[in-house]
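Beneath this line is the structure, given in structure tokens, with notes to follow.
Please treat every number below as a calculation from the coordinates, not as lab data. It should be emphasised that the depicted structure is a prediction, and the values quoted were computed from it without experimental measurement. When we count neighbours, we look across all protein chains shown, and the Cβ atoms used for this are built from the backbone with ideal geometry, even at glycine.
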Amino acid sequence: NFTPNSFVEEIVEELKNKIGNDKVVLGLSGGVDSTVAAVLLNKAIGANLYCIFVNNGLLRKNEFENVLHQYKDMGLNVKGVDASDRFLSQLAGIDDPETKRKTIGRVFIEVFDDEAHLLTDVKWLAQGTIYPDVIESVSVKGPSATIKSHHNVGGLPDFMKLQVVEPLRMLFKDEVRRVGASLGIDPELLGRHPFPGPGLSIRILGDITPEKVRILQEVDHVFIQGLKDHGLYDKVWQAGAILLPVNSVGVMGDERTYEKVVALRAVESTDGMTADWVHLPYEFLMKVSNEIINKVKGVNRVVYDISSKPPATIEWE
Ligand code: XMP
């Protein structure tokens with residue numbers, strides 16, 4: 001029978017004993033796991049925990065600034081690194097989904113390694129690995145897996161030679177959320193939808209440009225804010241928008257337009273392995289569609305994805 005409070009007490013004690021006065025570096029993603037891991041370590045070793053939060057330029061609208069601010073308010077010793085240009089320039093011209101993932105994984109490791117080198121005498125690398133990641137370590141997804149595949153390919157970046165500490169490696173997702181709640185982490189942060197490591201890059205079908213990222217961020221923002229405003233966000237497991245690589249004809253006043261099409265996706269799921277599309281109310285879809293087309297320049301058509309997994313996947317790439 002899992003009790004968050006006693007878990008916290010025990011693990012904090014264990015972390016103190018294990019780490020002592022050593023320095024630890026940890027990559028924050030804005031997601032639940034890395035945040036809970038950071039707060040636990042912060043409780044155990046305070047400012048000897050050095051958190052790095054990288055903006056890959058593919059996060060949701062205002063996400064980097066908002067979440068960085070939240071981290072600072074939580075008392076974490078965190079450095080925000082805006083590497084958007086570095087990621088976007090490396091991604092230019094790439095349209096193959098797996099190449100996008102690999103490129104993002106590689107650049108992340110480069111950026112993280114550069115940052116880790118600015119710190120002196122770090123002994124540990126902390127990760128927010130949870131139990132399903134441990135048992136599914138053959139999966140090709142997630143930053144830890146990216147690091148593993150990099151590891152297999154060539155020389156190990158220096159931060160990967162550090163000793164690894166993973167305070168959540170025995171926990172399931174719901175237990176991580178309960179630990180987070182008992183640590184006083186904002187329920188809104190703990191209730192966030194899953195978001196893929198490669199971010200919006202795999203929701204922009206075809207090649208990625210800063211302008212496409214901007215369009216998709218705006219569309220996604222209208223959709224997610226709409227779900228929140230209508231009390232639907234917590235009823236959905238994951239939601240987002242996809243920018244399609246086609247233009248469609250529309251009409252505005254007396255003019256024909258020829259602009260982008262976006263798809264909205266909202267699914268119910270328990271673990272992401274299977275998923276059903278959510279029957280969002282028509283009234284809601286109508287409002288969101290109008291708002292997107294009115295507000296987001298460059299988009300003249302919105303469609304809703306009614307495919308389940310399997311045979312479709314949650315993401316389009
Ligand atoms: P699919 O599209 O495979 O997605 O049905 C299942 C879940 O995994 C997330 N996802 C990823 N997460 N790196 C990640 O960290 C990835 O490359 C990646 N691809 C998909 C997806 O958002 C969903 O939650």
Worksheet, complete the sentence: Given the candidates Ile52, Ile109, Thr270, the one whose Cα lies deepest towards the positive end of the charge dipole of the chain, counting +1 at each Lys or Arg C-beta and -1 at each Asp or Glu C-beta, is Ile109
Fill in: Computed magnitude of the charge dipole of the range 172-317 (debye, nearest 20; Cβ of K, R +1, Cβ of D, E -1)
100 debye
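Given the pairs Lys16/Lys161; Lys18/Lys123; Lys235/Lys295, which are separated by over 18 angstrom at their Cα positions?
The answer is Lys16/Lys161; Lys235/Lys295.
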Worksheet, complete the sentence: In nm, the gap between the two label points placed 7 Å beyond Cα toward Cβ at Asn17 and Thr99 is 5.2 nm
Worksheet entry | Radius, Kirkwood style, for the range 4-190 when every pair of distinct Cα atoms is counted (Å) | 17.1 Å
Worksheet item: Principal axis lengths of the chain from Cα atoms, whole Å, largest first?
Response: 71, 43, 36
Response to the item:
On the formula 1/(1 + (r/R0)^6), with r taken between the Cβ atoms of Lys309 and Met170 and R0 of 25 Å, the FRET efficiency rounded to 0.05 is 0.35
Item to complete: Note down the magnitude of the dipole of the range 234-317 about its Cα centre, charges +1 on Lys and Arg C-beta and -1 on Asp and Glu C-beta and zero elsewhere, to the nearest 20 debye.
Response: 240 debye
Discussion item. What Kirkwood Rh does the range 209-304 have if only Cα atoms enter the pairwise 1/r average? Answer in Å.
Written reply: 14.0 Å
Discussion item. Quick check for you: which residues of the range 53-72 have the amide N under 14 Å from the point 7 Å beyond the Cα of Leu118 toward its beta carbon?
Written reply: 53-55
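Could you give the size of the charge dipole of the range 1-119 about its Cα centre, using +1 on the Cβ of each K and R and -1 on the Cβ of each D and E, expressed in debye and rounded to the nearest 20? Provide the component values of the computation, followed by the final result.
Numbers: 13 positive and 18 negative charges, 17 e Å.
For this selection, approximately 80 debye.
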Discussion item. How high is the relative contact order of the range 209-304? Use alpha-carbon pairs under 8 Å, at least six apart in sequence, and give a whole percent.
Written reply: 29 percent
